[in-house]
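Structure first, then comments.
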Amino acid sequence: MLKNKRIAVTRPKDQQSELIKLLENQGAIVLSRPIIKIEEIEHNRRIRKIIKLITKKNADIVAFTSVNGVESVLEFAKKINMFDQLKSELNQITIAAIGEKTANKLDSEGIKVDLIPKSYTSIDLGKLMIEKGVKNKRIFLLRANIATEDLPNMLMENQATVIDFTVYKVVPEKIENIRKLVDEILAGQIDLIIFTSAFATNTLFGYSNRKNYQNLLDYAMKKVNIATIGPVTQKALESIGFNVDIVAKTHTIEGIVEAVISYYK
């Protein structure tokens, strides 16, 4: 279905393999063009504090919004020999997770997940948590530095006490990496770009040198199809003037590949 389509994948480098394999299986020429990357937070004492607060029964609900958040917290707990204690406490309180992969990661570590929204967005997670009851609950959100305020605001409006912890960082890739993709767009060498986060779109199109040839890049993008993993990323692109051709109905890697295949049928 995707034979000889030149598709740029913008996910962090260490999270691309599954998406690349699925696209290549359909005959696509996949270009690994990570424009953002995942980093550990500078001060691990912050995660140590989170773990201690949880083990001292300070949380009623703990919400993980990605696999990255799960790995950051659990791997550090193992390093400081507090994993068993943390796992025991997590299994006695309500655990919320966005997406099956996040839930599966927790399950693989022996931690039960109680709440998973049908649609894998923070807004839908918030709605599900509110439906189950959050009044007077202490909720820990374990998220990235770029997470929006929508989820904590929803919960606080429903009388929850929310403690929002940054447990990992999402940052732009090296400028050379971003420039490479921009140059390929300008040269007409890209058929489709896949975006899996709003931050990736803002990183690419907020690229510092874009002002030098903004009109040219905007013109070149008219010949490039755009696919997004969900409505949040779609909205980010549309807010800066780009049309989104493909939006995954299921907000997963498999869902976005299915949507791309359907578009090109």
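Read-outs throughout are calculated quantities, based only on the coordinates presented, and are distinct from any laboratory measurement. It should be emphasised that the depicted structure is a prediction, and the values quoted were computed from it without experimental measurement. For neighbour counting, all protein chains shown are included, and Cβ atoms are generated from backbone atoms with ideal geometry for every residue, glycine included.
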Extreme residue, positive dipole direction of the chain, given options 171, 95, 30 (C-beta unit charges): 171
Base-10 log of normalised Debye intensity for segment 44-171 (one unit scatterer per alpha-carbon) at q = 0.17, 0.21 Å⁻¹: -0.81, -1.30
19 Å Cα-Cα reach of residue 169 towards aspartates and glutamates, excluding residues that sit fewer than 8 places from it in its own chain: 14, 39, 40, 42, 71, 75, 149, 150
Given 13/132; 13/222; 87/135; 13/223, the pairs whose alpha carbons are separated by over 28 Å: 13/132
Mean projected area in nm² (Cα convex hull; one quarter of hull surface) for the chain: 14.3
In order through segment 61-76: 3J(HN,Hα) via Karplus (6.51 cos²θ - 1.76 cosθ + 1.60), integer Hz, x for Gly, Pro: 9, 10, 10, 9, 9, 6, 4, 4, x, 4, 5, 4, 6, 5, 5, 5
Charge dipole (debye, nearest 20) of the chain; +1 at Cβ of Lys and Arg, -1 at Cβ of Asp and Glu: 360
Amide H within-cut-off set for residue 120, under 5 Å, with H built and near neighbours excluded: 251
